[in-house]
Every structure is written in structure tokens, then in C-alpha cells.
Amino acid sequence: MSQGPVVVVGLGGLGAPIAMVLAKSSLPAIRLVDGDTVERSNLHRQVLFSEADVHASKAHVVARAMRDLGYAGKLEVVEAFFVPERALEFAQDASMLVEGVDNLPTKFLVADVAARLDVPVVHSAALRWEGTVLAKPARGACYRCLFEDIPHGADAPNCAGEGVAGPLVGLVGAWAADRVLALRDGALDDTELSRFDGWAASVRQTRVARRAGCSLCRDAGSAFPIDRSRYAAPSTYCVR
Ligand SMILES: [Zn+2]
């Protein structure tokens, strides 16, 4: 793996535990990307934040917490959202991407940028009592092998009344960070999908095979354009 930074996209419920685990790692460089600020309603599940942080930049608060936890590597803060127009700029020279964002368009965008850069990527998500972590080596099956494209209409997860269990995001985020370190160490040859059932307290792991006809695997280089029209948000979505 190159010495470039591991780029963490999204520093909320999943990103905070990701950052906590990575703060204790020997990664030489980490770049934190999030344009959001801390809200009081975040505090129950976003474990690095306290009342005093409300209205402060999540990226800056997480960076400070990582230093307090003893992270000694190079730490970069990007106080901006990971959007199609700037995603390649924010991910440039990355050795790996890891995301804990709360919306599907950005998850697809992170997958597409990782493929463009030919670097490993870890995706994490949690909704209600279910969590998933997808850990993809550079040449493994991708997010679009599994999910093809951004769901719209009836297929889109609906945030209304669903929410997410606070403890589950800590577990899923910590596992996502663990997979970052596994990929760094070359421990995964294939893409690995971990599914957590926080209600039944069970974990299932499967290996994911490439899907024939996956547009991203076929056009992973510059033939896969990264422009805003590809990431139009569905009317309702919410995947923590
Ligand atoms: Zn694919």
C-alpha cells in the first residue's frame, strides 16, 4: 500500500468510531472529510461529540479527538462535503477510502472514486438494527457489483420513523476500521461483506463475487465519468 492518506468520508455515527479505532493505528496519514457541523440530536450515537461541540465542524472535532487519543501520524482536515465536483480532489493520492456517510448517492460516489484511483475501499452502513460493512481490495468486487445503482422511488430506503440503534453504529464503525487495517495488511484477497443483526446479536460474513456486466468494474478507469447527474439524490433516503 502507498504511503498516501486513508481518506475517511463522513464523520457522524459511523465515522466517529472509525476515527477512534484508526487513531490507535500506525497509519502514516489520515484525511478527514466532512462539511457538517455537530447537532444536539447527534450526541446519542456520535460518540466523539459532547454538548460543547454543538455547532462545531465535525471534521475539526474528530481531528482534535484523534490527537487526544494519541494519533501521531499526519492528519488532514477537509471541512467540506464529498461532492462529485470535488471528490477526486479530496481523494487525490489516497491509499484507501473508507466511508460512513448517511446517504446512498455519496456511497456510490465513494465507490466510483475508489475504482477510478484503483485503491481499496470500505463502505459501512447501519439502519434500524442492521449494519453492513463491505471491504473491497483494489481488484475485488465493487459496491456496484452488489447494488448496481442508486435506488429511486419504492426501492429507496425511507428514513421516516426508522432511525438507527445507537450502539450498533459504534460496532459497525469499529468493524469498518478493522477492515481498513486488514486491507492495509493485505489480509483480504476478495471483497468481504459483513452483515450485523443487532437485534439477534449475530454476524454473517460472505465473499462477494464480481457481477458480470457491472458498469464500474468494466469502466473503472477514466471511462466511468464522475459527474453530478450520476448522483442525483432520490426523494427520500437515510442510511447511516
Ligand atoms: Zn463491480
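The values are calculated or read from the model by the stated rules, or taken from the named source; none is laboratory data. Values in this document were obtained by computation on a predicted structure and should not be read as measured data. Glycine gets a Cβ as well: all are built from the backbone with ideal geometry, and neighbour counts include every protein chain shown. Note: areas computed on protein heavy atoms with side chains; ligands, DNA, RNA excluded. Shrake-Rupley method; radii C 1.70, N 1.55, O 1.52, S 1.80 Å.
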Considering only residues that are in a helix (DSSP H, G or I) and among the charged types (D, E, K, R), look in region 165-187 and name the one that is farthest from SER202 (Cα to Cα). ARG184
Among (1) away from the ligand (no atom under 16 Å from the Cβ); (2) closer than 21 Å to VAL110 by Cβ; (3) aliphatic (A, V, I, L, M), there is one condition LEU216 misses while meeting the rest; what is its number? (1)
Could you look through region 188-213, keep only residues that are touching a Phe, Trp or Tyr at 6+ places or on another chain (Cβ under 8 Å) and in a strand (DSSP E or B), and pick out the one that is least open to solvent (accessible area, probe 1.4 Å)? SER194
From the options VAL121, VAL98, VAL113, residue that is surrounded by 21 or more Cβ atoms within 10 Å (Cβ to Cβ), away from the ligand (no atom under 16 Å from the Cβ) and closer than 17 Å to VAL180 by Cα: VAL98
Examine region 3-21 for a residue that is farther than 24 Å from LEU104 by Cα and modelled with pLDDT under 95, and state whether such a residue exists. yes
Just one listed residue, out of LEU127, LEU134, is at pLDDT 95 or above and either among the hydrophobic types (A, V, I, L, M, F, W, C) or within 16 Å of the ligand (Cβ to nearest atom) (or both), and it is LEU134
Which of the residues belonging to region 21-45 are outside any strand (DSSP E or B), open to solvent by less than 50 Å² (accessible area, probe 1.4 Å), without any contact (Cβ under 8 Å) to a residue 60 or more places away in the chain and not charged (D, E, K, R)? ALA23, GLY35, VAL38, ASN42, LEU43
In this structure, does ARG139 turn out to be closer than 22 Å to MET96 by Cβ and at pLDDT below 95? yes
Residue identified as open to solvent by 30 Å² or more (accessible area, probe 1.4 Å), touching a residue at least 40 places away in the same chain (Cβ under 8 Å) and at positive phi among GLY70, GLY10: GLY70
Quick check: anything in region 79-86 buried (at least 18 other Cβ atoms within 10 Å of the Cβ) and outside any loop (DSSP other than H, G, I, E, B)? no
How many residues of region 180-211 are touching a helix residue (DSSP H, G or I) at 6+ places or on another chain (Cβ under 9 Å) and within 15 Å of the ligand (Cβ to nearest atom)? The answer is 7
